[in-house]
Each structure stands twice: as C-alpha cells, then as structure tokens.
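Asks: What follows is a single structure, and I will ask about it in a moment.
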Amino acid sequence: MHLEISQQRLQAIREILMGVIGEFEKPLGEMKSITDGIKQKFPSETQKNYVKIIEENVNRIIDRLEKLKTLKVYKTIKYIKDIKMLDLSA
C-alpha cells in the first residue's frame, strides 16, 4: 500500500515537472546560444569570465532539469527546518 502511494505520488510529480521543465528548456537553450555568440563577438578576457559564469550556471540548471526528467524514486531530504525538497543527488 505504501509503495503504491509513493509510486502514485512520483507519477504526479513527474507530470507536473514535465510541464515546468518544458517552460525552462527553451529560454535556457536561447541563453546558451547567446553566450556562444558573445564569446565570438567580444573575445576580451573580462567578457569571457562573465560568459563563463553564465555558462556554468545555465549548464547547472540544465543538469538539474535532466535529473528531474529522469526521477525514478520519490526521496526527499531536509532543506530548512520542516521543509523538505526532492533529493537529486543520485
């Protein structure tokens, strides 16, 4: 019974996540494309450093979204006080 409820909860979370992830993917792809263009047009070291920060963060977000897409187990970890969040460490 508990396993069935966890599976239903996981399925509901997946359905919600697919909609949310879809909303993030297009803007992130555009950001990635823009940073590539900036690197080519403005090759100064300062610009490269700023673009590198943007790229790293965009890639970090993309990585987290991919983990959410492939979520197989409903597992939470303590976040702050009584607040829990999904465990994406796997």
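Asks: Can you give the angle from 0 to 90° between the axis of helix 2-41 and the longest principal axis of the chain, with both taken from C-alpha atoms, to the nearest 10?
Replies: Roughly 0 degrees between the two axes.
Asks: Would you mind calculating the relative contact order of the chain from Cα pairs under 8 angstrom and at least 6 residues apart, reporting the percent as a whole number?
Replies: 31 percent
Asks: Along Cα→Cβ, 7 Å out, is where each label goes; now give me the distance between the ones at GLN40 and TYR79 in nm to one decimal.
Replies: 3.9 nm
Asks: Taking Cα atoms, how many degrees apart are the long axis of helix 45-69 and the longest axis of the chain, rounded to 10 and kept between 0 and 90?
Replies: 20 degrees
Asks: With r defined as the distance between the Cβ atoms of ILE5 and LYS69 and R0 fixed at 25 Å, what FRET efficiency is calculated, to the nearest 0.05?
Replies: 0.65
Asks: Give the lysines whose C-alpha is closer than 19 Å to that of LYS48, dropping any in the same chain fewer than 8 places away, or say none.
Replies: Hits, sequence-local ones excluded: LYS32, LYS39.
Asks: Right, next: For the chain, report the translational diffusion coefficient in µm²/s to the nearest whole number, using Stokes-Einstein at 37 °C, 0.692 mPa s, and a Kirkwood Rh over Cα pairs.
Replies: Using the Kirkwood radius from Cα pairs, D works out to 213 µm²/s.
Every number here is computed from the coordinates shown, using simple stated rules; none is lab data. A quick note: this is a predicted structure, and the numbers were derived from the prediction, not measured. No Cβ is skipped: glycine too gets one built from the backbone with ideal geometry, and neighbour counts run over all protein chains shown.
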